[in-house]
Amino acid sequence: MSAIISGFLHTDASMRTDKKGNPYVVLTIRERHGEGTRWWRCIFFGEHDGPLRQGNPIAVSGEFDASVYTPPDGSEPKISWTFKVAAILTTREQRGAPR
């Protein structure tokens, strides 16, 4: 299912390389959801040239999936949200832009 989500980066993005040498970026996005918080594990295939730092606002578009898992401590089952990112939108100050 396609969607757009927005929130804040929970940690700095992690740039990685797959077995074939192709770059990809792993993001964790914190989204406010009613009274609680929803956490998204996001993967973007390719390189991203902007800084993706903890706490920065972000929006992504792409395809998402959800699965149910039981934490190792045996507590109540939870939903794991994953997102295959097609596009990333961040806010960053442009050099020389009027203020």
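Details
- Residue match in region 15-24 (condition: in contact (Cβ under 8 Å) with a residue 12 or more places away in the chain, within 11 Å of the chain's Cα centre (by Cα) and within 18 Å of residue 86 (Cβ to Cβ)): no
- Among the residues of region 12-25, just one is exposed (fewer than 14 other Cβ atoms within 10 Å of the Cβ) and touching a Ser or Thr at 6+ places or on another chain (Cβ under 8 Å), namely 23.
- Here residue 87 passes the criteria (1) touching a residue at least 40 places away in the same chain (Cβ under 8 Å); (2) exposed (fewer than 15 other Cβ atoms within 10 Å of the Cβ) except the one numbered (1).
Values in this text are rule-based calculations from the coordinates and carry no lab data. A quick note: this is a predicted structure, and the numbers were derived from the prediction, not measured. When we count neighbours, we look across all protein chains shown, and the Cβ atoms used for this are built from the backbone with ideal geometry, even at glycine.
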